[in-house]
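These notes concern the structure reproduced below.
The values are calculated or read from the model by the stated rules, or taken from the named source; none is laboratory data. Here the structure is a predicted model, which means the values were calculated and not measured. When we count neighbours, we look across all protein chains shown, and the Cβ atoms used for this are built from the backbone with ideal geometry, even at glycine.
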Amino acid sequence: MTDAPSPAPTPAPPGRSRLLGRGTGREASYVADLLRTETVGGAILLAAAAIALLWANSRWRDGYSTLRDTVVGPHMLNLDLSLGTWAADGLLAIFFLVAGIELKREFVAGDLSDHRKAALPIAAAVCGVALPAILFGITATLMSQGASASELSGILRGWAIPTATDIAFALAVLAVIATHLPSALRSFLLTLAVVDDLIAITIIALFYTESVNLLWLVAAALPLAAWRLLLKRKRTNPVLLAIPALVAWGFVHASGIHATVAGVLLGLLVPVNRAVEDDPDRRSVAERLEHKLRPFSAGFAVPVFAFFAAGVTVVGGGLGAALRDPAAIGVVVGLVVGKAIGVLGGTWAVARFTRAELDEDLAWSDVLGLSLLAGVGFTVALLVGELAFGNGSERDDHVKLAVLCGSVIAALLATVVLRLRNRHYRLVEARETADLDHDGVPDVYQADGRLDPA
């Protein structure tokens with residue numbers, strides 16, 4: 001039994017723009033390369049989290065806690081931190097460095113450089129952050145009837161936990177359930193996650209910083225300036241760049257602001273030249289640096305953080321206690337319901353108020369599937385949970401379980417929706433591949449003068 005051919009797309013009415021249209025061949029190639037790295041990283045991330053969960057619930061669970069809480073580092077520099085803290089403050093700074101570079105490239109030379117294209121992922125990301133936070137607050141408040149004002153205030157400190165999408169996890173799921181999803185949708189998810197990361201690090205800096213030492217913060221400007229100067233002069237020796245980067249990280253850490261903020265600042269200071277970025281025969285400093293750092297970030301830094309953060313003990317009543325915790329329930333509702341409605345609602349609002357329409361190749365069910373997939377949260381969600389409730393605290397363990405459960409539920413719901421569309425896109429892709437001409441570029445990328453030799 002074969003699927004009936006899809007009806008011919010209806011042309012857009014005059015004056016109507018298209019949302020999530022097909023990008024250039026260069027953009028599709030970039031997304032494909034990024035997907036390969038992040039998908040592999042997501043698989044390693046899943047494995048690291050699974051190992052941590054198994055170890056933390058085995059008879060050797062004390063060994064896991066001992067390893068995570070082992071303190072290393074010089075006391076005189078105030079860097080005598082546990083291995084778990086080193087992973088959260090140090091290794092995640094590399095993750096945010098890569099995110100900062102990607103964000104800079106998007107704003108200077110990518111989709112976010114065009115305000116018309118940028119409106120969609122920015123609106124979707126903002127709504128996808130705001131609604132989970134609101135639903136967390138409503139849910140936690142309703143479930144905390146009888147709690148004192150101070151107790152409720154403590155619970156509501158976790159409002160930002162369900163706001164962030166874990167792009168590595170989401171892309172790993174997407175690679176399995178929707179192998180033929182159009183590159184425009186994958187690019188939309190990637191861009192949305194980049195903006196999501198920027199909002200998340202802003203939230204961490206503004207709302208989870210108890211005190212700031214301005215002297216150390218001002219001092220951080222010097223190594224940041226040295227980093228920028230080295231890159232402007234195209235000095236990309238890893239050892240040379242590591243010196244100002246580590247000093248900047250140390251100063252930001254000493255200032256009281258979470259050290260991962262240093263990673264974003266370093267990434268945003270990487271010079272980006274649009275002319276070089278658009279030239280398929282040249283590789284910019286930002287592209288080379290991102291290319292070197294991303295495999296280390298996705299394949300080592302984030303999985304190690306996941307290993308130390310995901311080891312929650314479920315046996316002995318841990319799961320039952322989490323199910324009764326208002327903060328944990330709020331996290332699940334925020335990830336599963338808030339993210340889906342927020343991202344879908346933000347996308348619909350852009351279409352509604354700009355009188356734009358989805359690209360003729362897409363359907364709103366595709367956007368619904370991606371919106372559900374945006375509820376897969378892990379890395380930043382676990383980090384915010386630690387900052388809100390204290391690493392190793394009982395409530396922190398509860399919200400960690402909630403993040404895992406909410407992410408699994410969101411992934412399963414996204415699977416149901418996206419699998420229904422996957423076969424359709426597989427047939428579409430087969431037809432486009434058959435249209436290859438002598439130059440090896442699909443004819444669809446040559447339409448309307450959009451030929452891109454990359």
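Remarks
- Region 391-443 - residue that is charged (D, E, K, R) and at pLDDT below 65 and, of those, nearest to residue 174 (Cα to Cα): 432
- If you filter region 305-349 down to residues that are part of a loop (DSSP other than H, G, I, E, B) and charged (D, E, K, R), you find that the one that is nearest to residue 45 (Cα to Cα) is 325.
- Residue under evaluation residue 161, criteria (1) touching a residue at least 60 places away in the same chain (Cβ under 8 Å); (2) of a type in the set (A, V, I, L, M); (3) surrounded by fewer than 24 Cβ atoms within 10 Å (Cβ to Cβ), criterion not met: (3)
- Being surrounded by 17 or more Cβ atoms within 10 Å (Cβ to Cβ), within 27 Å of the chain's Cα centre (by Cα) and of a type outside the set (D, E, K, R) is a condition met by no residue of region 207-218.
- Only one entry in 256, 346, 311 is modelled with pLDDT under 95, of a type in the set (Gly, Ala, Ser), touching a helix residue (DSSP H, G or I) at 6+ places or on another chain (Cβ under 7 Å) and under 30 Å from residue 69 (Cβ atoms), namely 311.
- Tally of residues being in a helix (DSSP H, G or I) and either under 19 Å from residue 112 (Cα atoms) or touching a residue at least 40 places away in the same chain (Cβ under 8 Å) (or both) across region 277-295: 12
- Yes/no for residue 188 being in contact with a Ser or Thr (Cβ under 9 Å, 6 or more places away or on another chain) and hydrophobic (A, V, I, L, M, F, W, C): yes
- For the residues 350, 337, 380, the requirement of being over 26 Å from residue 421 (Cβ atoms) and either in contact (Cβ under 8 Å) with a residue 60 or more places away in the chain or among the hydroxyl-bearing types (Ser, Thr, Tyr) (or both) singles out 380.
- Checked across region 118-126, the condition of being at pLDDT 85 or above, under 13 Å from the mean Cα position of the chain (by Cα), part of a helix (DSSP H, G or I) and more than 30 Å from residue 415 (Cα to Cα) holds for no residue.
- Residue in region 221-239 that is without any contact (Cβ under 8 Å) to a residue 12 or more places away in the chain and under 30 Å from residue 119 (Cβ atoms) present: no
- Taking the criterion of being closer than 15 Å to residue 118 by Cβ and aliphatic (A, V, I, L, M), the residues of region 190-204 that qualify are 190, 192, 193, 194, 195, 198, 199.
- In region 406-425, the residues that are farther than 12 Å from residue 376 by Cβ reach residues that are part of a helix (DSSP H, G or I) and β-branched (Val, Ile, Thr) with C-beta atoms within less than 8 angstrom, at least six apart or across chains, in these pairs: 418/177; 419/177; 422/177.
- Matching residues, region 164-181, being aliphatic (A, V, I, L, M) and touching a residue at least 40 places away in the same chain (Cβ under 8 Å): 164, 167, 168, 170, 171, 172, 173, 174, 175, 177, 178, 181
- Considering region 128-227, the qualifying helices (runs of 4 or more DSSP H), each wholly inside and each with 2 or more residues that are under 20 Å from residue 290 (Cβ atoms), run over 167-177, 183-207.
- For region 43-72, taking the residues that are in a loop (DSSP other than H, G, I, E, B) and touching a Ser or Thr at 6+ places or on another chain (Cβ under 9 Å), the one that is farthest from residue 241 (Cα to Cα) is identified as 57.
- Residue within region 314-324 that is among the β-branched types (Val, Ile, Thr), crowded, with 20+ Cβ neighbours inside 10 Å and either at pLDDT below 90 or under 21 Å from residue 196 (Cα atoms) (or both) present: no
- Total residues in region 352-387, condition outside any loop (DSSP other than H, G, I, E, B) and aromatic (Phe, Trp, Tyr): 2
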